[in-house]
Each structure stands twice: as structure tokens, then as C-alpha cells.
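> Sharing a structure here in C-alpha cells format.
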Amino acid sequence: MNRFHAFAILALTTAGLSGATVLAHGVEKPSTAKMTYVKNAQAMDIKSMSMPGIEAFLQDVVGSDGGPAPLACGLFRLEKSEPLKYEYTYDEAKIILDGEMTVSDGTTTVEAHRGDVLFFPKGSTITFTTASSGLGFICGQRQRDAA
């Protein structure tokens, strides 16, 4: 297990998903499920965010249902294109799995690379760009498929 897999397992474990109904790669798991395993998630197709001129893709892979603190985890990919400006209506953490992304909150700009972790609090407006491409694992405190 590498550090990225450990991060994903830690995110799911700390979110308390063991007692929730979980969606894993489109398949409902009963609330008795203790763990969800998604083999080779990085290779899955990631849905376009459908923004003209912006090559941004987001796909939830697993998540909890309802409750006071829902959690959705998945993949975010950005290809060289126009910048993506995104306003967060929820808290989100992102770890860069591959490539690079330039990330700015309007005050601070960072060049994020493989292994770097970012946190975006609710209410943040973040601009993402890339000189080539980047792939990130995301965990947001929101309903799945609601980004």
C-alpha cells in the first residue's frame, strides 16, 4: 500500500463510513459493509465538469449517505486549458496524485505537485490552472455527485 492509498483509507475511516450506506464506483453497499475497495480508481473515466473552454473533470468514487456530515471522495483531473474558477460551498481536501496544478485563492498561489495536500474551506473561491495536466484525490463534506 502506498501513501496515496493510505490517505484514501484514512479519509474513509475517519469519516465514519463503516455504519453508512456507501456508493463505490456506482454500486450501493449495505450499511454492514466495513470497507470499500476500488481497484485501480486512477484509471477510471472521470466525467467532464462541462464548462466551455475548461478541460476539468470530476468523478465521485465513494461517499457516505446523508447524516449531519456527508462525505464524498473521488478524482479531479485538470488538463491545460482556460483556468477553472470554483467557489466552494463545502469544505474539501485534495491530494495531488500525478502531474501539477497551480492553485490560487486570490492572495496565495502555489504550484502543487504529487504528494502535496490542499484544503479549501467552505466559502473559498479557488482558481486552478495547469501547464500540462494534474490529477487529484478529493474528499469533500458534501453529498456525492453534488459538486
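> List the residues whose amide H sits under 5 Å from the amide H of ARG114, counting only those 5 or more places along or on another chain, with H placed 1.01 Å from N in the peptide plane.
Here the answer is GLY99, since their amide H atoms fall under 5 Å of that of ARG114.
> Okay, moving on. Distance between the C-alpha centers of the stretch 68-147 and the stretch 35-64? Whole Å please.
The distance from the Cα centre of the stretch 68-147 to that of the stretch 35-64 comes to 13 Å.
> Here's something else I'd like to know. How many nm is it between the label spots at ALA69 and THR127, if each spot is 7 Å from the Cα in line with the beta carbon?
Going by the 7 Å Cα→Cβ label model, 3.3 nm.
> When the chain is fully extended, how far beyond the present Cα-Cα distance does LYS34 get from ARG114, taking 0.36 nm per residue of separation? If you can, show how the numbers build up before the last one.
Working: separation 80, 0.36 × 80 = 28.80 nm, distance 2.91 nm.
Length difference between fully extended and current span is 25.9 nm.
> Run the numbers for ASP105 and LYS80: contour at 0.36 nm per residue of separation, minus the present Cα-Cα distance, in nm.
Value of the extension gain: 7.1 nm.
> Relative contact order of the stretch 73-132, please, whole-number percent, based on alpha carbon pairs below 8 angstrom and at least 6 residues apart.
With pairs under 8 Å counted, the relative contact order is 46 percent.
Every number here is computed from the coordinates shown, using simple stated rules; none is lab data. As the structure is a prediction and not an experimental result, all values here were calculated from the model. Every residue, glycine among them, receives a Cβ derived from its backbone with ideal geometry; neighbour counts consider all protein chains shown.
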